[in-house]
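First up is the structure itself, then whatever we jot down about it.
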C-alpha cells in the first residue's frame, strides 16, 4: 500500500477514575473537545469518526449507535460514523480504522474516540462486563462443567481488565506460573513492575491511582490468584480518550505538527490448531516491518499491563529482550523512568486505569505527549519513537485482538 | 482517492426466519462457508474480516468479540477482525469497511459478515432489542415524561425493524401521515408495496414469509399505528449474510468474476440544527457522484422497507422519482417485477425478513445474484446496475446511519 503518512494532530483524554455521576456523553465530550482544541479544529471539521467501546450495552443500556449518540453531544453528525468493538483493544481498533481512512485518502480529518463506563451502582454488573470478552456460550458450558464459584470481590479497589472473572484470572495465572517455572521469573519482579507503574502514575495528573506503593505493599496485597495480587491488577474505572488524525497534506496546509503513524497493526488471536506465534508477537513483528524499525529503535512504550506479569511477557513478545529475559529487564531498571526504554510512563493500566474501550487511545495520548516532549516530570528525554501494545479479549489461549502502533516524532 | 475497483467475488446467506434452535455460530458458519464456496476459496484465504451485528449482547449475552467467536467456528482466525455496529445498517457498514480495506490495497481478500439472532424465548427481549437503536438516555427521559404504554404484541407475527417500540412506530407513522397530507400518498399505495414485496418473497426460497397476500389482507391486518398495519411491517427473525470482496488484480489472477463496487457510501444522520438534506438523500447523491451514474441508470434496487411507506419515501430520496411522486411509481407498477425498475425483488425486509445486523449484506447478496442473472423466477432481465439502501437507528428525526451501495455487473 502506497499510503501517505498520517499525522496524530491532536489528542485528549479525561482523568481516569470512578465517576458515578458522569455518563458516556460527558466523558466523550471532554476527550473529543480537548483533542480538537489541541489542534485548533472545530467539531464541524471532523470528516469521519470511529468510536470504540466494549460494554456500554451492559453498563448503560446503550446497545446500538453508541458513537452517534455521544458524538451528537459534541456537535459531530452527518459524517460517516462507525462503532467498533474489540474488547480491551476497541480504542486501538478505532484508531486503526480512522488512520486507515486517512491513509487511503478517503478523508483528510478523522476522529478516533474510545470511551467506557465500567462503574455501576451494582458492582456485580461491572464484574459481569469484564466476563463479556470471551466466548460466552463456551463459558456457560465450562462453568456448568466446573460449577465455578463466583468471583471474589475486593474492597479497597477491584481488579479490572479482561478475563477478570475468577476463572479467567486462574487461566491467566496459570500462564504466568508456567513462565515462572520455565524462565525463573519471580513474584518480586512482577511486584517491581507494579511499583514502577504506580510511581509513574503518581506523576500523571490523569491517573486513577496516584499513590506510590512499595514492594512489600504489592506482595502483601490480597491474592487474586497466585502469583497475582490485587496491586498487580488494573482497576475498574471510567474514562474517554480521543485522537484527531489528519493527512500529511492537510497538516502541511494548516501548519499542523505532530507524530506520524509509522505502523498501525491489528490482528486476531490464533486458531486452536495454529502453529503460528501468538498474536502479540505477530502484531509486533508486522508493525516493525511496516515501520522499517526494530525494537532497538523504540524510546518509550505503553503496553497492556492488565496485570503486572503481562508487562513482563510484553517485553519479550515485543522484542525488547529475548524470551525469558523479561524479569531481568525489570531488575536492571531498563523500563523505569531514566532507564534505556521506559515503559508505561503514564502509569499503565494498573495505575493510570483501564476503562477498557478507552485504553488504546489513552496509550496513543501518552505516546503523543511523550514525542512532543510535554510529559513534565515523567518525560522521557529525547523520545523520538514510541510504541503502543493493546490486547483485547480471550479465545482459547490467545487474545481475541491485538494492536500495535508505532509513532515517530 | 484513486482506489482500484473491488469485486464482489462470492456471497452467501442463510434462510431468514425464526430458528429458536440455532445460534450465531451456526448461522454465521452457513453464510460464510457459502460465500467462500461461491468463489472457490477456503477460510484460510480470508485476509481480513469485518463483522456486523447489532443486538447479540441483548439476545445472546455475547457482548464483546462477537466476530472472533463466530469466525473461529468457521476456521477463520489470526487475521485482522473488526466488530462493527450501526444498528440496522451494521452489515452495510461491515461491507463498506471490508471494501475500503481492499480498495486501499491493505488486503486482497476481505470478508464481510452480518449476523443477527432476534428470536428469544421471551418475546419482550426481542422487542427490547429493537428499542436499543436510539439514544436510550433520551428515551428514558421521554418515556418518563409521557408515561408511555408498553408496546402491543401481535400473535401471527410481530413487526420488527428499528424503532418498533410503540413510541417510535408512532413517530414514524407521524412522518408517513405528513407525507400523505402533503402529497396525497394513500394507504392503498402503501399496501400495494406490501403486496408486491410479499409476491416477490414468495419467489425467494430464502424469504421468511413466502405467502402471497392481497390488498384487502394488508389493509385489514392489525393496525400498528395509523396508517401502518402489521403486514406493512418487517417481522422479527434470525439470519446471516456474507460477502467476499477481492481486489481486481486478485480476481484477474484467479479468474474470478463478479459485480464491481461502483460506490460504497455510509453517512450518519443530521445534527438537530442542520439545514442539510436527510441522510438517505445525502448518501444517495454521494453514491451517484462516486459511481458516475444516476438514478436513471439503476436496473434493480434493494431498499430498507422496514415499513411499506419507507419504501415509497426511499423512491423519492434515491431519486427514482420526484419528491411526492413515490405513490405514483407504485400505482404505475414501475417497481414491480417486470416494471422499469424492480425494487426489493428479494421480498425486502417485510417479506424476506429483517434480522437487523444481517440485512445490509442480504441486500448485497440479492443484487449480486441479480447482476449474475441467477434469480430464476424473480430475475430482472438484463440487470447491469444495482443499488442497495440500508438505514439504521433513529436520532432526532433522521436515521443514525445510512448506507448506499452501487454495484455494476
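Mind ranking A:13-21, B:364-372 by how tightly packed they are, going by the mean number of other C-beta atoms within 10 angstrom, highest first?
Numbers: A:13-21: 19.0, B:364-372: 25.4.
Ranked by mean Cβ neighbours within 10 Å, highest first: B:364-372, A:13-21.
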Can you give the direction-averaged projected area of the convex hull of the alpha-carbon atoms in the protein assembly as shown, in nm²?
31.1 nm²
Report the label-to-label distance for residue B:215 and residue B:140 in nanometres (one decimal), using points 7 Å from each Cα along the Cα→Cβ vector.
4.8 nm
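What percent does the relative contact order of the range B:275-409 come to when contacts are Cα pairs within less than 8 Å and at least six residues apart? Don't skip to the answer; put the middle values down first.
Numbers: 208 pairs, mean separation 40.6, N = 135.
Relative contact order, the range B:275-409: 30 percent.
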Using only the alpha carbons, work out the radius of gyration and Dmax of chain B in angstrom.
19.5, 62
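Return a whole-number percent for the relative contact order of the range A:367-409, with Cα pairs under 8 Å and 6 or more residues apart as the contact set. Could you put the intermediate results ahead of the total?
Details: 60 pairs, mean separation 16.2, N = 43.
With pairs under 8 Å counted, the relative contact order is 38 percent.
I'd like the antiparallel share, as a percent to the nearest 5, of DSSP beta bridges with both residues in chain A.
On the way: 39 of 53 bridges.
Rounded to the nearest five, the antiparallel share is 75 percent.
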Peptide-level mean, for B:388-396, of C-beta atoms on other protein chains within 10 Å:
2
Expressed as a rounded percentage, what relative contact order does chain A have, with Cα pairs under 8 Å and six or more residues apart?
25 percent
Express in whole angstrom the spacing between the alpha-carbon centres of the range B:1-50 and the range A:275-297.
29 Å
What would the Debye equation give as log₁₀ I(q)/I(0) for the range A:186-227 at q = 0.25, 0.27, 0.32 Å⁻¹, counting only Cα atoms as equal point scatterers?
-0.83, -0.91, -1.07
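When you look at the Cβ of every residue in A:263-273, what mean number of other chain Cβ atoms sits within 10 Å?
Details: counts 0, 0, 1, 5, 6, 14, 6, 3, 8, 3, 2.
The shielding value for this peptide is 4.
If you count the DSSP beta bridges with both ends in the protein assembly as shown, what percent of them are antiparallel, to the nearest 5? Could the numbers behind the result be given before it?
Working: 81 of 109 bridges.
Taking every DSSP beta bridge with both residues in the protein assembly as shown, the antiparallel ones total about 75 percent.
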Neighbour-count order for A:408, A:193, fewest beta carbons within 10 angstrom listed first
A:408, A:193
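Helix-derived [θ] at 222 nm for chain B: sum -39500 (n - 2.57) over DSSP H runs of at least 4, divide by residue count, nearest 500?
Numbers: 15 runs with 154 residues, N = 409.
Mean residue ellipticity at 222 nm (helix-derived): -11000 deg cm²/dmol.
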Where the centre of each part is set by its Cα atoms, how far does the range B:313-389 sit from the range A:352-409, in angstrom?
47 Å
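Please work out the FRET efficiency for the pair residue B:254 and residue B:384, using the Cβ-Cβ distance as r and a Förster radius of 22 Å; give the result to the nearest 0.05. Walk me through the intermediate numbers first.
Values: r = 23 Å, r/R0 = 1.06.
Here the calculated transfer efficiency is 0.40.
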Simple SL model, points at 7 angstrom along Cα→Cβ for residue A:397 and residue A:42; separation in nm is 5.7 nm
Taking the number of other C-beta atoms within 10 Å as the exposure measure, put B:118, A:219 in order starting with the fewest.
A:219, B:118
Label model pair residue A:171, residue B:122: point-to-point distance (7 angstrom along the Cα→beta-carbon line) in nm is 2.7 nm
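Which of A:97, B:349, B:41 has the fewest other C-beta atoms within 10 Å, and how do the rest follow up to the most? Present the calculation step by step, with values, prior to reporting the outcome.
Working: A:97 26, B:349 34, B:41 19.
Sorted ascending by nearby Cβ count, the order is B:41, A:97, B:349.
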On average, how many beta carbons from a partner chain sit within 10 Å of the beta carbon of a residue in B:98-105?
3
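Using per-residue counts of other Cβ atoms within 10 Å, averaged over each peptide, order B:196-208, B:289-301 from highest down.
On the way: B:196-208: 22.7, B:289-301: 17.6.
So the order, starting with the most tightly packed, is B:196-208, B:289-301.
Every number in this text was worked out from the coordinates using simple rules, so none of it is lab data. As the structure is a prediction and not an experimental result, all values here were calculated from the model. Ideal geometry is used to build each Cβ from the backbone, glycine not excepted, and the neighbour counts take in all protein chains shown.
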